Amino acid sequence: MTLLRHFINGTWQESATGRVREIRSPHDQHVVTTATEGDAADALQAIVAARASFDGGAFRSWSWQDRQALLRRVADLIERDLNIYAAAESGDTAKRLIEAEYDIADVISVFRFNATISEPGHSVDVGRSEISSRIAYEPVGVCALIGPWNYPLLQISWKVAPALLAGCSFIVKPSELSPSTAVLLMHTLVEAGVPAGVANLILGAGSEVGAPLTTDPRIDLVSFTGGLQTGKHIMASAAATVKKVALELGGKNPNIIFADADLDAAIDNAVTAGFLHSGQVCSAGTRLLVEASIHDQVVSELTRRAGLITLGGPDDATAETGPLISEGHLNKVLGYMSRAISEGAQVLIGGKRASGIGLEQGWYFEPTVLDRCTTTMSCVQDESFGPIITVESFTSESEAIRLGNDTIYGLSGAVWSSDAAKCDRVAAALRHGTIWINDYGPYRPEAEWGGFKASGVGRELGGSGLHEYLEAKHLWRNTSPGRSGWFRDGGHSSE
Ligand code: TXE
């Protein structure tokens, strides 16, 4: 088993302390791989390397077209190695191989989409023939790219692809629970021709390597995807040196079903929205808001469908979803459940760690439906990041909107109704970054992704996702210089 190592200034290296971390499968606890465990000293080395490469200017002086071509090469290489990437992603997370394959296909699309974005820049007409006024875009500088464990490479690719296109240098910090595909990505970037020092990788716990990455003055931008508490901490850490921050912090996403919806489609999508990847999805549809007149029908079908879901490991062909990522996360979900019950939520199905043949060693949790929920309950307000759907009822459009917005989060939501005008009204009123109408879940690399309110700062994907990695510079050129004439010149005459 090869030890996963840091990648700093074009060199693979182990941490100075010699510490290692075992990456264990969430399915059965077998050791999938081992990784060097970094600390602040390793992170500092990576920062020095990234800063020197950026200030040296070699990569940012590449033409925009050359960097687009680089992204196309990266996409082609990942496509060539798709099976290797998918096996590594599935190994660390225990998500089914087929889901990992979908994720890696999405990663390829992210690099391909970014390769299509033309170099931004435009002129400003100031109404004077001797003046040329132009807005140019330059790379923001050295970036710390910190990723989570639920979609490890996909979330990293949302950051790496635009950072490369912009001409930034960066340090990738994958989740310590799922580092394998970030290591593969470094190999791919080298093969594609990324110069030494531009792309660096640091492995280890956020609590150890995170401080330099978020406080060091040589870092210009921190882009982070993860939990709300860590995001707040990072934003505060970055404030001391006024770094730019881009944050994606999850959601508590309302999925609103009106009585006039296509209920078959709505319920089927509600099951997927809540239980895909066992709820470990930032846009999971964990808050079901149902019009009161169809409440019983929807809830009984939702509960029936939840009971049919087959749990299993990455190689189980019958499995429909897998385990939670870690024992710590399972305990967090169990704590969320106890609070929900003590607050009066009614458990219709699930609510506990899953048992069953083949699941004994894994961090499995039963797909769960909680009824009689209200917005004052913590189960409605807090992200569980587990396979738990809470159900609330409403009796009017305005109540549905009020409930859908009654959250500190604002990442995504959905509205189901056959009345197009009603869908448009509700979609316009919901304060979330993505709204699906009569659908749930699709995202596109071409379309901006991110949150209102506490779901984050900034956007990933789309044109805005690139602009997080760019600084605008206004260039004013006067081809016929003259005196400003503002202050008296004390008697001197130029005539
Ligand atoms: O995430 P953390 P955790 C949510 C979900 C989950 C909760 C906590 O609700 O239950 O977050 O999950 C790095 N400085 N999401 O604890 O801590 C860490 O090493 C710098 C939503 O696993 O946010 C990892 O690389 N970095 C989410 C990354 O931050 C630090 C996806 C995410 O870890 C750090 C995952 C520090 N001080 C969980 N501390 C989404 N938005 O999709 C940790 N890290």
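The values are calculated or read from the model by the stated rules, or taken from the named source; none is laboratory data. None of the values given here were measured: they were computed from a predicted structure. Methodologically, a virtual Cβ is constructed for each residue, glycine included, from the backbone with ideal geometry; neighbour enumeration extends over all protein chains shown. Just so you know, the surface numbers come from the protein's heavy atoms only, side chains and all, with ligands and any DNA or RNA stripped out. Shrake-Rupley method; radii C 1.70, N 1.55, O 1.52, S 1.80 Å.
In whole percent, and with a 1.4 Å probe on the protein chains, what portion of the accessible area of the chain is carbon and sulfur?
On the way: 10440 of 20050 Å².
That share works out to 52 percent.
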Quiz item: Along the positive direction of the dipole of the chain (beta-carbon charges: Lys, Arg +1; Asp, Glu -1; about the Cα centre), which of Ser393, Ala100, Val194 reaches farthest?
Solution: Val194
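May I ask you to list the trypsin sites (Lys or Arg not before Pro) in the range 1-103 that are in a DSSP loop and have at most 13 other Cβ atoms within 10 Å of their Cβ? Don't skip to the end; give the middle numbers.
Values: sites: Arg5, Arg19, Arg21, Arg24, Arg51, Arg60, Arg67, Arg72, Arg73, Arg80, Lys95, Arg96; in loops: Arg5, Arg19, Arg60, Lys95, Arg96.
Qualifying residues, ordered by number: none.
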Quiz item: Nearest 10 degrees, 0 to 90: what angle lies between the long axis of helix 64-80 and the longest principal axis of the chain (Cα atoms)?
Solution: 30 degrees
Self-check item: Folded to 0 to 90 degrees: helix 327-342 orientation relative to the chain principal axis, Cα
Solution: 60 degrees
Exercise. Using a/c under 1.5 as the rounded threshold, could you call the range 1-98 rounded, prolate or oblate? The axes a ≥ b ≥ c are square roots of the C-alpha gyration tensor eigenvalues, and prolate needs a/b larger than b/c, oblate otherwise.
Key: oblate
Quiz prompt | Arg304 versus Asp260: modelled label distance in nm, points set 7 Å from Cα along the beta carbon direction | solution = 2.6 nm
Quiz item: List the aspartates and glutamates whose alpha-carbon lies under 15 Å from that of Lys252, not counting same-chain residues fewer than 8 positions away?
Solution: Asp382, Glu383, Glu392, Asp406
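Find the all-direction average of the projected area of the Cα convex hull for the range 371-450, expressing the result in square nanometres with one decimal place. Walk me through the numbers on the way to the answer.
Values: hull surface 24.1 nm².
The directionally averaged projection comes out at 6.0 nm².
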Exercise. Using a cut-off of under 18 Å, list every residue of the range 161-182 whose amide N is near the label point 7 Å from the Cα of Ile135 along the Cα-to-beta-carbon line.
Key: 166
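For Ser338, what is the net charge nearby, where nearby means another residue's Cβ is under 14 Å from its Cβ and Lys, Arg count +1, Asp, Glu -1?
On the way: positive: Lys332, Arg339, Lys352, Arg353; negative: Glu343, Asp382.
That works out to +2.
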Practice problem: Please list the non-local residues whose amide H lies under 5 Å from the amide H of Ala414, H modeled 1.01 Å from N, same-chain partners needing a gap of 5 or more. | Solution: Asn255, Ile256, Trp436
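For the range 222-366, which semi-axes, largest first and in whole Å, follow from the square roots of 5 times the eigenvalues of its Cα gyration tensor? Don't skip to the answer; put the middle values down first.
Values: eigenvalues 179, 97, 46 Å².
They are 30, 22, 15 Å, listed from largest to smallest.
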Quiz item: Taking H as built 1.01 Å from N, whose amide H comes closer than 5 Å to the amide H of Glu471, not counting residues under 5 places away?
Solution: Glu138, Val140
Practice problem: Return the loop-located trypsin sites (Lys or Arg not before Pro) in the range 410-490 (DSSP other than H, G, I, E, B) with at most 13 other Cβ atoms within 10 Å of their own Cβ; answer none if there are none. | Solution: Arg483, Arg488
Practice problem: Using label points projected 7 Å from each Cα along Cα→Cβ, tell me how many nm separate Ser123 and Ala236, to one decimal. | Solution: 5.0 nm
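In Å², what does the accessible area per residue of the chain work out to with a 1.4 Å probe?
Working: 20050 Å² over 495 residues.
For the chain, the solvent-accessible area averages 40 Å² per residue.
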Exercise. At a Cα cut-off below 26 Å, give the lysines reachable from Lys243, other chains included and same-chain residues fewer than 8 away excluded.
Key: Lys159, Lys173, Lys232, Lys453, Lys473
Practice problem: For Asn478 paired with Asp76, estimate the spin-label separation in nm (one decimal), with each label point 7 Å from Cα along the Cα-to-Cβ line. | Solution: 5.0 nm
Quiz item: Helix 40-56 versus the longest principal axis of the chain: what is the Cα-based angle in degrees, 0 to 90, to the nearest 10?
Solution: 40 degrees
Quiz item: Which distance in Å, rounded to a whole number, links the C-alpha centroids of the range 441-466 and the range 284-312?
Solution: 28 Å
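Using only Cα atoms, what is the ratio of the radius of gyration of the range 289-424 to 2.2 N^0.38 Å?
Details: Rg = 16.3 Å, N = 136, 2.2 N^0.38 = 14.2 Å.
Compared with the compact-globule rule of thumb, the range 289-424 sits at 1.14.
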Quiz prompt | Compactness of the chain as Cα Rg over 2.2 N^0.38 Å, two decimals | solution = 1.07
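Any chance you could run the full-extension gain for Asp419 through Arg218? It's 0.36 nm times the residue separation minus the Cα-Cα distance, nm to one decimal. Could the numbers behind the result be given before it?
Values: separation 201, 0.36 × 201 = 72.36 nm, distance 5.31 nm.
That works out to 67.0 nm of additional length.
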Exercise. Compute the signed sum of charges (Lys and Arg +1, Asp and Glu -1) over the other residues within less than 14 Å, Cβ to Cβ, of Gly197.
Key: +2
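Report the charge-dipole magnitude of the chain in Debye, nearest 20, computed about the Cα centre from +1 at each Lys and Arg Cβ and -1 at each Asp and Glu Cβ.
Magnitude of the dipole: close to 1380 debye.
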